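Chemist: This is the structure I have questions about; it appears just below.
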Amino acid sequence: MPSPILQLTDVRTHFPISHGLIFKRHVGTVKAVDGVTLSLAPGEVLGLVGESGCGKSTLARTIMQLVPTTSGAVVLEGKNLTAKSTREDLRRARRHMQMVFQDPYASLNPRMTVFDTLAEPLRVHAVCPPESVSARVTELMQLVGLAPRFMQKYPHEFSGGQRQRIAIARALALEPRLIIADEPVSALDVSIQAQILNLLSQLCRKMHLSLIFIAHDLSVVKHISDRVAVMYLGKIVELGTAIDVIERPSHPYTRALVSAIPTPNPEVERTRQRIVLLGDPPSPINPPAGCSFHPRCPHAQETCRTAIPALRTAGVGREVACDRLGEF
Amino acid sequence: MPLLSVQDLRTSFHTRNGVYRAVDGVSFSLERGETLGIVGESGSGKSVTCYSIMGLIPQPPGRIESGTAMFDGVDLLNCPPTQARRIRGKRIAMIFQDPMTSLNPYLRVSEQIIEPLIIHENITKAAAWERGLAALEAVGINDAARRINLYPHEFSGGMRQRVMIAMALITKPEILIADEPTTALDVTVQAQILELIKKMQHELGMAVIFITHDLGVVSGLCDRVQVMYAGKIVETADTRTLFHHPKHPYTQALQRSIPALQPKGSELYTIRGMPPDISKAEVGCPFAPRCEFGTDACSREPTTLQPSSPGHAHACGRAHRGEI
């Protein structure tokens, strides 16, 4: 197996909650990411799924080092980004990892033309001589399927799908090894969503990019990903190949999640038994003791309330965090 | 006789940049107890259709140019406002996409939930409150007696949507219009809300118009589906027929572009070009410029929704002639 491009070891990102203006009191901690261990091979597409508030986006920001890590190690291409990185170290590392955000209306600067947006990273990192910036911008636009004649246009002149293409081109400008896409298609219509999914998988194949694809739509994740990680309250509860996890889910949470997605097939949809979870996802401020899923789990037992299940190997390339696996 | 019958509805928005024909000649009917799905991409006119029926179009800039919506002998679009008000909110209710913004943050849930009763029924406040409590319990809110006195921000997204549903159903309407009610919710919560809508529909025997862009949601919930594109209905059929034998190229294209129906990792079908500019008057089929079967004739000849078999109608001229 090739050495991983990204290795996370027991990463925790906690946010303190304090009350009071002058005399700040520490009243609690949001454990947004709570002990995630994960590795990503070069060229691999990892899907990250979970409900809102489960820590998917915080994990992405932690990898990018946009939020301080509480503990654990984020190792990108052999360099530990968490241990005493100076700004300069991070700056160099960020060339190799880039991010695409959910809302292409908010993630592009409305006062910058496409050219400015795409040229900025090239200038900041001085990756190409000033006279060839224009040529490189043209190349980037063609790469994501935008006509270079739109170079001097502003974001408001583009549709949602085109804006997401600009955001992807901007992420590709520095030829990163890793792209983190945080819900890149959630804000788009189905026909546009298909274009962006095709583009992302083509780019990954062509440029041998690693991609962390965050989404809540499991059918989209299954389509694009090699492996899938399911998160619940800051922890990974199941990890495996996309087909395995989504077609043969093991963890009770993954099972419920998979059964909750409506499939566009009337026969299947009308006959199948849906596992409807009770209640809302609990708050990450006071997560339940023991297995954090136990209050909503249909198979929970007394032991689930006390023991925190570890992520254990369950088959080839498959890891599941459930102590009662195989008992139901 | 259908419960609701909409004929030739045209709603447009008159702006400085021109006239946007958001709904352009839509006709459909809804039977008692039936669930009708309206599917389309953003800007296809699915919400504006229902807003027009509910009288929620801001005028100006909006204008209902023509059309009738017959409900129990009353034309909702052309009757006096007092008459329409007795129906809207009582016999036809609506829930919206975003439960965060469609509840009034300044009012306790109790006041909002009993408002329809106070307005539409001759009822004392205490009796209305009792029914409000029962309605909250019916939509699955635990500890309703305490929670009825809370403010909307004290509820989670799924709970707010439950409150919205309780509020819409408190007058036991005959039609519920649900405008993307689960789009803003997580999948597990979406499953809860869909089950709830099904259960309430079963209990009250009401008809539901379900607006969504998610073909998956439609397949489990709806008896009949109509697909909208550029303000027009391009295809309508019962759910099974629409999913298994779609006739209109746009419906086919939509199905081919969703990952759930395609083999994993395969290239997804993409609809070329861009959604049409509805401020420009189109003569022919609005989908023709993006259609892989489009011809010059398609862009010239006006299209009409015509039946191809009983209960199945579509607006593709070439498919009707058997050319594709």
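The values are calculated or read from the model by the stated rules, or taken from the named source; none is laboratory data. Since the model is a prediction, treat every value here as computed from it, not as a measurement. As a convention, Cβ positions derive from the backbone with ideal geometry for all residues, glycine included, and neighbour counts pool all protein chains shown. Note: areas computed on protein heavy atoms with side chains; ligands, DNA, RNA excluded. Shrake-Rupley method; radii C 1.70, N 1.55, O 1.52, S 1.80 Å.
Chemist: Among the helices of chain A (complete DSSP H runs), which have Cα atoms covering no less than 20 Å along the helix axis and a Kyte-Doolittle mean of at least -0.5? Let's see the in-between values first.
Modeler: On the way: long enough: A:190-207 (25 Å, 0.59).
Membrane-span-like by this criterion, though nothing is claimed about a membrane: A:190-207.
Chemist: A 22 angstrom limit on the alpha carbon distance is what I want to check against. Which of B:Lys232/B:Lys280; B:Lys199/B:Lys232; B:Lys172/B:Lys198; B:Lys90/B:Lys199 exceed it?
Modeler: On the way: B:Lys232/B:Lys280 14 Å; B:Lys199/B:Lys232 31 Å; B:Lys172/B:Lys198 15 Å; B:Lys90/B:Lys199 20 Å.
Violating the 22 Å Cα-Cα cut-off are B:Lys199/B:Lys232.
Chemist: Can you pull the percent of Cα pairs in chain B with separation above 34 Å? Can you show the working numbers first?
Modeler: Working: 13884 of 52326 pairs.
Across chain B, Cα pairs with separations above 34 Å total 27 percent.
Chemist: Now a separate question. If packing is taken as the mean number of other Cβ atoms within 10 Å per residue, what is the order of B:266-277, A:281-292, highest first?
Modeler: A:281-292, B:266-277
Chemist: Give, in nm to one decimal, the length gained when the segment between A:Gln301 and A:Ser18 is fully stretched (0.36 nm per residue of separation minus the Cα-Cα distance). Provide the component values of the computation, followed by the final result.
Modeler: On the way: separation 283, 0.36 × 283 = 101.88 nm, distance 3.48 nm.
Result: 98.4 nm gained on full extension.
Chemist: If you take the C-alpha gyration tensor of the range B:102-170, multiply each eigenvalue by 5 and take the square root, what semi-axes do you get, largest first, in whole Å? It would help to have the intermediate numbers written out before the result.
Modeler: On the way: eigenvalues 64, 30, 23 Å².
They are 18, 12, 11 Å, listed largest first.
Chemist: Scan the range A:50-147 for GluC sites (Glu not before Pro) in coil per DSSP, keeping those whose Cβ has at most 16 other Cβ atoms within 10 Å, and list them by number. Before the final figure, lay out the partial values.
Modeler: Working: sites: A:Glu51, A:Glu77, A:Glu88, A:Glu131, A:Glu139; in loops: A:Glu51, A:Glu77.
Of the GluC sites (Glu not before Pro), the ones in loops of the range A:50-147 whose Cβ has at most 16 other Cβ atoms within 10 Å are A:Glu77.
Chemist: I need the calculated FRET efficiency for the pair A:Glu77 and B:Ser309, taking r as the beta carbon distance and R₀ as 60 Å, to the nearest 0.05.
Modeler: Working: r = 60 Å, r/R0 = 1.00.
Efficiency, from the Cβ-Cβ distance: 0.50.
Chemist: Which one, B:Gly140, B:His120, B:Ser156, projects farthest toward the positive side of the charge dipole computed for the range B:102-170 from Cβ point charges (K/R +1, D/E -1)?
Modeler: Highest projection toward the positive end goes to B:Ser156.
Chemist: On to the next question. Take the Cβ-Cβ distance between A:Thr271 and A:Arg91 as r, set R0 to 51 Å, and report the resulting FRET efficiency rounded to the nearest 0.05.
Modeler: Details: r = 55 Å, r/R0 = 1.09.
The pair A:Thr271/A:Arg91 has a calculated efficiency of 0.40.
Chemist: For B:Ala93, what is the net charge nearby, where nearby means another residue's Cβ is under 11 Å from its Cβ and Lys, Arg count +1, Asp, Glu -1? Show your work: numbers first, answer last.
Modeler: Numbers: positive: B:Arg88, B:Lys90, B:Arg91, B:Lys172; negative: B:Glu174.
Here the count lands on +3.
Chemist: Name the GluC sites (Glu not before Pro) in the range B:36-138 that are in a loop by DSSP and that have at most 15 other C-beta atoms within 10 Å, would you?
Modeler: Working: sites: B:Glu41, B:Glu65, B:Glu111, B:Glu121, B:Glu130, B:Glu137; in loops: B:Glu41, B:Glu121.
In loop regions of the range B:36-138 (DSSP not H, G, I, E or B), the sparsely surrounded GluC sites (Glu not before Pro) are B:Glu121.
Chemist: Something else: What is the dipole size for chain A, taken about its Cα centre, with +1 at each Lys and Arg Cβ and -1 at each Asp and Glu Cβ, in debye to the nearest 20?
Modeler: The dipole magnitude comes to about 600 debye.
Chemist: Considering only DSSP states other than H, G, I, E and B, which GluC sites (Glu not before Pro) in the range A:233-328 qualify as loop sites with at most 13 other Cβ atoms within 10 Å? Write out the running numbers ahead of the final one.
Modeler: Numbers: sites: A:Glu238, A:Glu247, A:Glu267, A:Glu269, A:Glu302, A:Glu319, A:Glu327; in loops: A:Glu302, A:Glu327.
Hits after loop and neighbour filter: A:Glu302, A:Glu327.
Chemist: Kindly provide the helix-only [θ] at 222 nm of chain B, computed as the sum of -39,500 (n - 2.57) over DSSP H runs of four or more divided by all residues, to the nearest 500 deg cm²/dmol? Walk me through the numbers before you get to the answer.
Modeler: Details: 12 runs with 107 residues, N = 324.
That comes out to -9500 deg cm²/dmol.
Chemist: Could the peptides B:147-156, B:205-214 be put in order, highest first, of the mean number of other beta-carbon atoms found within 10 Å of their residues?
Modeler: On the way: B:147-156: 15.7, B:205-214: 21.1.
Ranking the peptides B:147-156, B:205-214 by packing returns B:205-214, B:147-156.
Chemist: Across peptide A:218-225, what mean number of C-beta atoms from other chains lies inside 10 Å of a residue's C-beta? Provide the component values of the computation, followed by the final result.
Modeler: Details: counts 3, 7, 4, 1, 4, 9, 4, 2.
Neighbouring Cβ atoms belonging to other protein chains average 4 per residue here.
Chemist: A follow-up question, please. Give the lysines whose C-alpha is closer than 30 Å to that of A:Lys31, dropping any in the same chain fewer than 8 places away, or say none.
Modeler: In chain and number order, the partners are A:Lys56, A:Lys79, A:Lys84, A:Lys222, A:Lys235.
Chemist: Let me ask something else. Counting DSSP beta bridges with both partners in the protein assembly as shown, what percentage is antiparallel, nearest 5? Could you put the intermediate results ahead of the total?
Modeler: Numbers: 60 of 96 bridges.
Of those bridges, close to 60 percent are antiparallel.
Chemist: Can you tell me the dipole magnitude for the protein assembly as shown around its Cα centre, using point charges on the Cβ only (Lys, Arg +1; Asp, Glu -1), in Debye to the nearest 20? List each step's numbers first, then the result.
Modeler: Working: 70 positive and 62 negative charges, 236 e Å.
Charge dipole of the protein assembly as shown: 1140 debye, to the nearest 20.
Chemist: For peptide A:157-163, compute the average count of partner chain beta-carbon atoms within 10 Å of each residue's beta-carbon. List each step's numbers first, then the result.
Modeler: Numbers: counts 0, 0, 2, 1, 3, 1, 0.
The shielding value for this peptide is 1.
Chemist: Let me ask you something else. With each run of n ≥ 4 DSSP H residues scored as -39500 (n - 2.57), what mean residue ellipticity at 222 nm is computed for chain A after dividing by its residue count and rounding to the nearest 500 deg cm²/dmol? Could the numbers behind the result be given before it?
Modeler: Working: 10 runs with 97 residues, N = 328.
Calculated at 222 nm, the ellipticity per residue is -8500 deg cm²/dmol.
Chemist: Rounded to the nearest 0.05, what FRET efficiency is calculated for A:Ala41 and A:Val124 with R0 set to 45 Å and r the Cβ-Cβ distance? Please report the intermediate quantities before stating the final value.
Modeler: Numbers: r = 29 Å, r/R0 = 0.64.
Rounded to the nearest 0.05, the efficiency is 0.95.
Chemist: Scan chain A and report its longest stretch carrying no trypsin sites (Lys or Arg not before Pro) that are both in a DSSP loop and have at most 12 other Cβ atoms within 10 Å.
Modeler: Working: sites that count: A:Lys24, A:Lys84, A:Arg111, A:Arg272.
Longest gap between qualifying sites, sites excluded: A:112-271.
Chemist: Per residue of B:266-279, how many C-beta atoms from partner chains lie within 10 Å of its own C-beta, taken as a mean? Walk me through the intermediate numbers first.
Modeler: On the way: counts 3, 5, 12, 4, 10, 6, 2, 1, 5, 5, 0, 0, 0, 0.
Per residue, the number of nearby Cβ atoms from other chains is 4 on average.
Chemist: Where the centre of each part is set by its Cα atoms, how far does the range A:220-290 sit from the range B:77-95, in angstrom?
Modeler: 41 Å
Chemist: If one computes the Cα centroid of the range A:114-170 and of the range A:1-76, what distance in Å separates the two points?
Modeler: For the range A:114-170 versus the range A:1-76, the Cα centre distance is 30 Å.
Chemist: How big is the B-A contact in terms of buried accessible area, both chains counted, 1.4 Å probe, rounded to the nearest 100 Å²? All intermediate terms of the calculation are to be shown ahead of the outcome.
Modeler: Values: alone 15740 and 16460 Å², together 28690 Å².
Chain pair B/A: roughly 3500 Å² of buried accessible area.
Chemist: Do me a favour and compute the ellipsoid semi-axes for chain A from its Cα gyration tensor, root of five times each eigenvalue, largest one first, whole Å.
Modeler: Numbers: eigenvalues 251, 120, 71 Å².
Each semi-axis is √(5λ); the values are 35, 25, 19 Å.
Chemist: Then there's this: HN-Hα J couplings of the range B:111-117 from phi, Karplus 6.51/-1.76/1.60, θ = phi - 60°, integer Hz, Gly and Pro as x?
Modeler: For the range B:111-117, the Karplus curve yields 5, 6, 6, 8, 3, x, 5 Hz.
Chemist: A further question follows. In whole percent, and with a 1.4 Å probe on the protein chains, what portion of the accessible area of the range B:102-170 is carbon and sulfur?
Modeler: Accessible surface attributable to carbon and sulfur in the range B:102-170 totals 53 percent.
Chemist: How tilted is helix B:157-169 with respect to the longest principal axis of chain B? Cα atoms for both, answer in degrees (0 to 90, nearest 10).
Modeler: Result, in degrees: 80.
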